[in-house]
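Worksheet: one structure, shown below.
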Amino acid sequence: MNPVLMSLLMFLSFSLFVNTIADRYWLLRSGEGDNRLDRIPERLKRLITIGFLQKRLLYKKGSGWMHVMIFSGFLVVATRTLTLMGRGFNPDFHLPLLGGPLGLVYALFKDTFTVIVLLALIYSVYRRTVIRPSRLHLTGEAILILVWIGALMMTDLLMDAGAIAAAGSAPDRGWAWASTLLSGVFSGVSPEMLHRHIVANYWLHIVLLLAFLNVLPFGKHFHVLTALAATFLSRLTPQGALEKMEFEGREVFGVGRLEDFSWRRFLDMYTCTECGRCDEMCPAHKTDKPLHPRSIIVDERDCAYDLADHLIQVGKLKAQGRTAEATALIEAKERPALIGEVNDVEAIWACTTCGWCVSSCPVMIDHIPNIIDQRRYLTMMEAKVPAALQGALKGLENNSNPWNVSAQAREDWVGELEVPLMREKGQAEYLLFVGCAGSFDARNSDVMRATCTLLNKAGVDYAILGTEEGCCGDPARRVGHEYLAQMQIPANITTFQKYKVKKVITACPHCFNSIANEYPDFGLEDVEVLHHSEVLADLVKQGRLKVTGKENLTVTYHDSCYLGRHNDIYEAPREVIGNIGSITQKEMPRNKREGFCCGAGGGRMFMEEDLGTRINHNRIAEAAKTGADEVCTACPFCLTMMSDAIKETDRSETLKARDIAEVMLANLDDAP
């Protein structure tokens, strides 16, 4: 078409783009190191399923398919755009293999996807301007980008339509069906006008594309360029696990400034689509707390851009190994406080770590580690924790339990029940890890007694640690006291190794998650961790426990976030209840992956909830609407929160809360 003009446009646009991306790169390098190039096969699998196939977007069918169509169409049409760029230098240019019969097939696909993209764009504009889902913000940028993409599609179609009209019914154009249909618009137009039309749409398409490329890094649509990289470089450790903090050689514990984040957190900031999926079922957000997961990421991103010149300097110094100079530059920089001005302190403490935000984010943003890192800074650097937490932390430090009951009382719950102790037995097939709630909370001690009774009746070879057991470390880690957690975890591991423990049963999903997903980072190897729901369901399958229909009840099961969303155990608890023929199960609208939190995770079990509506009140209202007689749980925190909510909302006459082990024991076949 015009090699000189094409060269000039490409040089200018790519120079601007490379300069912008270089700045973004150096800004990202201002963060701390973080190895994300391990386990390449797993990363490639995630890139395909979540990045290209957009698995998470399809959790929402309507908007999900709309986005998939736009994304897929854009990829298909991108091949055409490369061809058009080549034709700026050589009018007969074709990408390899697309100059012959395969080119006809591609013309069919290209036109089909172009039309699909246009339809998806129309629906997207309608959805944003008319339907207006509450989680979406209607912005001028969003509409502009949609119109921009539409213009790219239309210039391509109009250019081909003009070419088809100019060439007549040439057979090599027939597979481009949409362009062929559109070519009828140009019937009777002179060859000179058609030529001008083709040239105008060609250059308009090229200019729109190159301008689009340079606009993307300056708004939320930067995710178009970073989403696939973010997916590939996402965390591969279990969702419910926190990464182990190394203390040696560190002067700052946690994150109190942007530069304390890892570079991956900056990539999160770049990649946030502002879709609001993270806010949609966030228990804090839904009950009028100041936490909005989207705002955490977006506000940090905006602050990073405000400090861009400074962060770019820091990034370059860190990359050159000039750490002392980088540190001095960081210390000297005046900026808004990350915790207190950029992020609301109340928002940081409002998080229940339920995992909704992390599991629903289509671009794999890690909100929870971001928030926990800031709690670590508040707790270990500034000793600023909510007053209600101070007693729990004191108890964890003095007696290895947040109830601050003497560690010597860990066996008191047993009473007259026959429960074997590991120190007396020496070894057992299963270690029953009781947990702090089962040991010191009266209501949850009932659950442990029910569990032990069932294990005894089934003849399971198990034992407990009793006074040798310590807190699993979950409460300390989730409130940010990593140092305290790293005192508790190794102590438990040493005890496990002392008794050659290979299988662990626990009725607490928080203990389950810690031992299964976090203890391996501290040296625990080859230990299988089972939740009591899995064990009880399996014992029924084996015929070692038999249940009968003694209770005619309707129950609704409340999913524990740390059992379900974080560890994908949804069916075992339902099987335990489902084995009882006289009990009818009714699901709450928000269940399984979309289950709503009880409000006790993330250390919130030991904090006051004095903002907005109580999370457990929100959940118990949903349970009551099912008409169920009971709310069944499989977590001590959930049981406490559901029981409290029943009392506090005056539902004690109509609703009851029990653990699945208690329900099973009440319906156990008494026959020998």
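Which of the residues spanning region 495-532 are closer than 24 Å to Val576 by Cα and of a type in the set (Ser, Thr, Tyr)?
Thr506, Ser514, listed by residue number.
Quick check on Ala628: is it modelled with pLDDT of 95 or more, within 30 Å of the chain's Cα centre (by Cα) and either within 21 Å of Lys289 (Cβ to Cβ) or buried (at least 18 other Cβ atoms within 10 Å of the Cβ) (or both)?
no
Look through Thr287, Thr353, Thr327 and report the one residue that is within 22 Å of Cys561 (Cα to Cα), more than 17 Å from the chain's Cα centre (by Cα) and of a type in the set (Ser, Thr, Tyr). First the steps, then the outcome.
Numbers: Thr353 fails: more than 17 Å from the chain's Cα centre (by Cα); Thr327 fails: within 22 Å of Cys561 (Cα to Cα).
So the residue among Thr287, Thr353, Thr327 that is within 22 Å of Cys561 (Cα to Cα), more than 17 Å from the chain's Cα centre (by Cα) and of a type in the set (Ser, Thr, Tyr) is Thr287.
From the list Met364, Met381, pick out the single residue that is under 30 Å from Phe52 (Cα atoms) and either in contact (Cβ under 8 Å) with a residue 12 or more places away in the chain or assigned by TED's automatic domain parsing to the domain that holds Cys278 (or both). First the steps, then the outcome.
On the way: Met381 fails: under 30 Å from Phe52 (Cα atoms).
It is Met364.
Matching residues to (1) of a type in the set (Gly, Ala, Ser); (2) out of contact with any Asp or Glu (no Cβ under 9 Å at 6 or more places or on another chain):
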| site | (1), (2) |
| --- | --- |
| Asn567 | no, yes |
| Met607 | no, yes |
| Arg614 | no, no |
| Glu622 | no, yes |
| Gly627 | yes, yes |
| Phe637 | no, yes |
| Met641 | no, yes |
| Lys647 | no, yes |
| Leu665 | no, yes |
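So for region 470-493 (the condition being part of a helix (DSSP H, G or I) and closer than 20 Å to Ala666 by Cβ), does at least one residue qualify?
Checked region 470-493: no residue is part of a helix (DSSP H, G or I) and closer than 20 Å to Ala666 by Cβ.
Give me the residue from region 571-616 that is in contact with a strand residue (DSSP E or B) (Cβ under 9 Å, 6 or more places away or on another chain) and free of Cβ contacts under 8 Å to residues at least 24 places away in the same chain and, out of that set, nearest to Gly391 (Cα to Cα).
Here the answer is Arg574.
Conditions (1) at pLDDT 95 or above; (2) in a helix (DSSP H, G or I), marked per residue:
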| site | (1), (2) |
| --- | --- |
| Ala165 | no, yes |
| Ser169 | no, no |
| Trp175 | no, no |
| Leu182 | no, yes |
| Val189 | no, no |
| Leu213 | no, yes |
| Ser234 | yes, no |
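From the list Leu146, Leu108, Leu119, exactly one residue is closer than 19 Å to Ala211 by Cβ, in the same structural domain as Trp175 (by TED's automatic domain parsing) and either surrounded by 13 or more Cβ atoms within 10 Å (Cβ to Cβ) or within 27 Å of the chain's Cα centre (by Cα) (or both). Which is it?
The unique qualifying residue is Leu146.
For region 38-51, does any single residue satisfy the condition of being touching a residue at least 12 places away in the same chain (Cβ under 8 Å) and more than 32 Å from the chain's Cα centre (by Cα)?
No, every residue in region 38-51 fails to be touching a residue at least 12 places away in the same chain (Cβ under 8 Å) and more than 32 Å from the chain's Cα centre (by Cα).
Take the residues in region 494-527 that are in a loop (DSSP other than H, G, I, E, B) and within 27 Å of Pro573 (Cβ to Cβ), then tell me which one is farthest from the chain's Cα centre (by Cα). Spell out how you get there, then give the answer.
Of all residues in region 494-527, those in a loop (DSSP other than H, G, I, E, B) come to 499-502, 507-508, 523-527.
Within this subset, residues satisfying the condition of being within 27 Å of Pro573 (Cβ to Cβ) are 501-502, 507-508, 524, 526-527.
On the way: Val501: 32, Lys502: 30, Ala507: 25, Cys508: 22, Leu524: 26, Asp526: 27, Val527: 26 Å.
Here the residue is Val501.
Which members of region 283-328 meet the condition of being under 30 Å from Arg619 (Cβ atoms) and in a helix (DSSP H, G or I)? So that I can check it myself, show each step before the final result.
Filtering region 283-328 down to residues under 30 Å from Arg619 (Cβ atoms) leaves 283-300.
Listed by number, the residues that qualify are Pro283, Ala284, His285, Lys286, Pro293, Arg294, Ser295, Ile296, Ile297, Val298, Asp299, Glu300.
Out of the residues in region 539-573 that are outside any loop (DSSP other than H, G, I, E, B) and surrounded by fewer than 16 Cβ atoms within 10 Å (Cβ to Cβ), which is nearest to the chain's Cα centre (by Cα)?
Of everything passing the filter in region 539-573, Glu571 is nearest to the chain's Cα centre (by Cα).
Kindly provide the set of residues from region 80-102 that are surrounded by 12 or more Cβ atoms within 10 Å (Cβ to Cβ) and touching a residue at least 60 places away in the same chain (Cβ under 8 Å), ordered by number.
Answer for region 80-102, where residues must be surrounded by 12 or more Cβ atoms within 10 Å (Cβ to Cβ) and touching a residue at least 60 places away in the same chain (Cβ under 8 Å): Arg80, Thr81, Leu84, Met85, Arg87, Gly88, Phe89.
I'm told Cys354 meets every condition in (1) at pLDDT below 95; (2) crowded, with 19+ Cβ neighbours inside 10 Å except one. Can you identify the failing condition by its number?
The single condition Cys354 does not satisfy is (1).
Looking at (1) under 30 Å from Asn19 (Cα atoms); (2) part of a helix (DSSP H, G or I); (3) touching a residue at least 12 places away in the same chain (Cβ under 8 Å); (4) of a type outside the set (Ser, Thr, Tyr), which one does His197 not meet, given that it meets all the others?
(1)
The values are calculated or read from the model by the stated rules, or taken from the named source; none is laboratory data. Note that the structure is a prediction, hence the values are computed from the model and not measured. Glycine gets a Cβ as well: all are built from the backbone with ideal geometry, and neighbour counts include every protein chain shown.
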